[in-house]
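Here is the structure we will look at.
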Amino acid sequence: MKVTQDLSSLESLYRRLPTDRLTGLSVALLKATALELAILAGHLLLYPSGIAQERRPCTSPGPAEGASRLPSKERAPVVLLHGFMDNRSVFLLLRHSLGRQGRPRTESLNYSLLTTDIRAAAEIFGRQVEEICEHTGSTRVDVVGHSLGGLIARYYVQRLGGDERVRMLITLGSPHSGTRVLPLADAHPIVRQMRPGSKVIEELARPAPGCRTEFVSFWSDLDHLMDPVEAARIDHPDLLAHNVQVTGIGHLALTVHPAVASAVRQALDGTRAPAGTAVEGGGLTVA
């Protein structure tokens, strides 16, 4: 009799579960996974084109044809920094989008695949930023970093005095509080530095009074490389940071999805979210 009652109670509880929500989540996850695989396939084709470091033009390019925005001289150059085991080709679509919207002074950087230390990579990145400032005549730059690239740029800003040069740092799926995904990858020193509690993550959690850089972090509820997904948020009492939750896409899609690109442009311009996107409570629904 007791077993029958227990089964009856379980059946009643099951009927009250939000099955529509669970089904919706499963469908969204399947769609996001399919999109990630498609993006990965396309990126593998483009990868060879981004192996070499980008050639810097002799002179700064003029505004994009037909651009109806502010002149480029009134805007900081944009520097794009890729993620782990990647290269600058991942930003092909985002860079094109920025150029069409009046930001032709955009440069995609590469760091070595042999990089084993985030601190060393941040020092090199700082020298590259100095070169860009000297070349363009600008005193500050804006930075967009994907995954590990965002963490490298943040270390430069927060620990190496880079806030003097970086006006705004936008991160896309960067493990700011560390990620526990793929434990077998711990053989790589960089992966160990991206773990919760690592010395690098602890350094970024230290006080940073007076930091002059503005931060915007995009984090996705379906990011398979963030565990937990909230790891891509910036939660630091001394930093001026705005966290934007992206709903419906995964880790790789953050660099190519048109809605995210529009939101990045809006963040750089300091304006509200683009028309045609659903933004609720600081979130961005793109799928």
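The values are calculated or read from the model by the stated rules, or taken from the named source; none is laboratory data. Predicted, not measured: the structure shown is a model, and the values here were computed from it. Glycine gets a Cβ as well: all are built from the backbone with ideal geometry, and neighbour counts include every protein chain shown. Surface areas here come from the heavy atoms of the whole protein model, side chains and all, with no ligands, DNA or RNA. Shrake-Rupley method; radii C 1.70, N 1.55, O 1.52, S 1.80 Å.
Is there a residue in segment 238-247 that is assigned to a loop (DSSP other than H, G, I, E, B) and within 17 Å of Arg154 (Cα to Cα)?
Among the residues of segment 238-247, at least one is assigned to a loop (DSSP other than H, G, I, E, B) and within 17 Å of Arg154 (Cα to Cα), which makes the answer yes.
If you go through segment 99-151, how many residues are open to solvent by 60 Å² or more (accessible area, probe 1.4 Å), of a type in the set (Lys, Arg) and touching a residue at least 60 places away in the same chain (Cβ under 8 Å)?
2
Kindly establish whether Ala205 is small (Gly, Ala, Ser), at pLDDT 95 or above, out of contact with any Phe, Trp or Tyr (no Cβ under 7 Å at 6 or more places or on another chain) and under 17 Å from Val144 (Cβ atoms).
Spelling it out, it is not the case that Ala205 is small (Gly, Ala, Ser), at pLDDT 95 or above, out of contact with any Phe, Trp or Tyr (no Cβ under 7 Å at 6 or more places or on another chain) and under 17 Å from Val144 (Cβ atoms).
Can you give me the number of residues within segment 168-192 that are crowded, with 18+ Cβ neighbours inside 10 Å and outside any loop (DSSP other than H, G, I, E, B)?
7
Can you say whether Thr59 is under 24 Å from Arg206 (Cβ atoms), open to solvent by 20 Å² or more (accessible area, probe 1.4 Å) and modelled with pLDDT under 95, as far as the supplied structure shows?
Judged against the criteria, Thr59 is not a match.
Consider segment 206-239. How many of its residues are among the charged types (D, E, K, R), crowded, with 20+ Cβ neighbours inside 10 Å and farther than 23 Å from Asp269 by Cβ?
Total meeting the criteria: 1.
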